[in-house]
Amino acid sequence: MDALTNGVTIKVGNNTYHSFTDFGLAIGNNNYIEEPSYETNYVPVPGRDGFLDLSEAIAGRVIYKNRKISIEFGGIDNEMSWDGVISNLRNLFHGKVVQLTFDNDPNWFWRGRAEINDFDRFRNLGTFKFEIPQAEPFKYSVPTGLTNLSATNTWKSITLPVTALPVNPKFVVSGLADGATMRIRYLPGTTTYISIENGTTRYPSMWLTETITVGYRTSTGTGTLSFVYENASL
């Protein structure tokens with residue numbers, strides 16, 4: 001899609017804005033997302049040709065670093081209004097954690113803390129950079145998963161596909177009687193349980209490098225579980 005017609009949806013807190021629809025701003029660059037970089041650890045070994053690559057020795061996988069997003073915005077407004085326009089944008093976004101969804105990639109969003117930099121104006125034309133200096137290395141899908149799963153005190157399970165990428169899980173529990181909990185077991189072969197009461201609970205990302213079965217049951221009575229997660233992609 002041509003950069004001048006591509007826009008971006010910006011979500012901050014519970015509020016959502018579109019760069020062109022709400023602010024009349026056009027994106028002036030195509031290369032707004034930095035390429036992913038990763039950690040390496042090469043060790044010299046006496047008597048060995050080349051280096052020993054220990055980059056995946058600790059985690060057992062590639063470790064990706066944060067990446068920079070830098071959008072060059074431009075727009076037309078009354079030349080006497082631009083200082084107020086930029087102040088308004090700073091009040092909305094500067095220093096805050098945002099989610100960015102580009103029009104040409106509508107099923108994914110990027111996340112990080114935003115900055116507004118390098119404002120300049122020539123007559124009615126104002127330009128500036130909307131940046132996330134330390135965006136998370138992955139983009140995430142619009143949340144998906146299984147919702148309104150009936151639960152009893154007998155184990156049931158959900159099987160997640162192997163993607164070799166992480167998902168960010170969220171468990172939403174409802175309908176439990178007072179004092180009852182939902183027991184979750186989601187690591188392969190584990191006998192460790194997580195007990196959740198009514199409400200929403202998030203957990204650190206799971207890497208789907210192997211088939212993972214999420215088991216769930218109530219401590220007593222019945223309840224409802226929604227297991228929602230964000231897929232990740234480079």
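The values are calculated or read from the model by the stated rules, or taken from the named source; none is laboratory data. Only a predicted model underlies this, so the values are computations on that prediction, with no experimental measurement involved. With ideal geometry, Cβ positions are generated from the backbone for all residues, glycine too; neighbour counts draw on all protein chains shown. These area figures cover heavy atoms from the full protein model, side chains too; ligands, DNA and RNA do not enter into them. Shrake-Rupley method; radii C 1.70, N 1.55, O 1.52, S 1.80 Å.
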Next item on the list: Count neighbours as other Cβ atoms within 10 Å of each site's Cβ, and list the trypsin sites (Lys or Arg not before Pro) in segment 129-184 that are DSSP loop with at most 16 such neighbours.
Entry: none
Check: What does the charge count near ASN168 come to, summing +1 for each Lys or Arg and -1 for each Asp or Glu among other residues with Cβ under 15 Å from its Cβ?
Finding: +2
Next item on the list: For the chain, report the accessible area per residue in Å² (1.4 Å probe, heavy atoms, rounded to an integer).
Entry: 56
Notebook entry, point to check: Hey, how many Å between the Cα centroid of segment 13-40 and the Cα centroid of segment 203-234?
Noted result: 30
Item checked: Protein accessible area in segment 5-51, 1.4 Å probe - carbon and sulfur % -> 48
Margin query: Tell me the mean residue ellipticity at 222 nm calculated for the chain from its helices only (DSSP H runs of n ≥ 4, each -39500 (n - 2.57), averaged over every residue, nearest 500).
Written below: -2000 deg cm²/dmol
Next item on the list: Name the residue farthest towards the positive end of the dipole of segment 62-107 from the options GLY84, ASN104, GLY74, assuming +1 on Cβ of Lys and Arg, -1 on Cβ of Asp and Glu, about the Cα centre.
Entry: ASN104
Checklist line | Average silhouette area of segment 1-149, convex hull of alpha-carbon atoms, in square nanometres | finding: 13.7
Next item on the list: Report THR40's accessible area, 1.4 Å probe, all protein chains in place, as a number in Å² to the nearest 10.
Entry: 80
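Here are some pairs, LYS65/LYS139; LYS96/LYS170; LYS96/LYS129; which of them have Cα atoms lying more than 18 Å apart in this structure?
LYS96/LYS170
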Next item on the list: Quick one: dipole size for segment 1-157, taken about the Cα centre, charges +1 on Lys/Arg Cβ and -1 on Asp/Glu Cβ, in debye to the nearest 20.
Entry: 600
Notebook entry, point to check: Can you list the HN-Hα couplings for segment 84-99, worked out from phi with the Karplus curve (6.51, -1.76, 1.60; θ = phi - 60°), rounded to whole Hz and with x for Gly and Pro?
Noted result: x, 4, 5, 4, 4, 5, 4, 4, 6, 10, 5, x, 10, 6, 10, 10
Next item on the list: Place +1 on the Cβ of every Lys and Arg and -1 on the Cβ of every Asp and Glu in the chain, take the dipole about the Cα centre, and give the residue among GLY28, GLY13, PHE130 whose Cα lies farthest towards its positive end.
Entry: GLY13
Checklist line | Unit Cα scatterers, Debye sum, segment 77-234: log10 I(q)/I(0) for q = 0.09, 0.13 Å⁻¹ | finding: -0.46, -0.74
